[in-house]
Amino acid sequence: MTGGAAQWSTAAGALALVLGLLWLVARLARRGGLATSGPRRIRIVETTPIDTRRRAVILRVDGREALIVTGGPQDCFIGWL
């Protein structure tokens with residue numbers, strides 16, 4: 001190897017090592033609960049099939065519940081409960 005190629009391969013190896021360590025630290029932080037994104041604002045409360053294609057879904061959004069129908073030609077927001 002020439003001097004330039006050796007420097008490039010050393011730099012590429014060091015970059016791969018640093019990126020691998022960053023990935024490992026981020027994965028461990030997520031698994032340990034250190035990297036949380038805060039409380040979720042939307043969650044599914046209940047899902048009920050209407051027919052083979054459509055479902056009625058109750059969502060809780062910021063403490064309020066909403067009813068939507070999904071799976072047809074378009075999704076439909078029915079209203080707040």
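Laboratory data are not the source of any read-out in this text; all were calculated from the coordinates shown. As the structure is a computational prediction, the values presented were derived from the model and not from experiment. Glycine also receives a Cβ, built like all others from the backbone with ideal geometry; neighbour counts cover every protein chain displayed.
At a glance:
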{"read-out": "Estimated FRET transfer efficiency when R0 is 25 angstrom, pair Thr52-Asp75 (beta carbons, to 0.05)", "value": "0.90"}
{"read-out": "Percentage of interatomic Cα-Cα distances in the chain larger than 17 Å", "value": "68"}
{"read-out": "Contour excess over end-to-end distance, with Cα ends at Arg31 and Val45 and 0.36 nm allotted per residue", "value": "2.5 nm"}
{"read-out": "Packing-based exposure ordering (other Cβ within 10 Å, fewest first) of Arg30, Arg40", "value": "Arg40, Arg30"}
{"read-out": "Over the chain: helical MRE at 222 nm, DSSP H runs n ≥ 4 each giving -39500 (n - 2.57), nearest 500", "value": "-13500 deg cm²/dmol"}
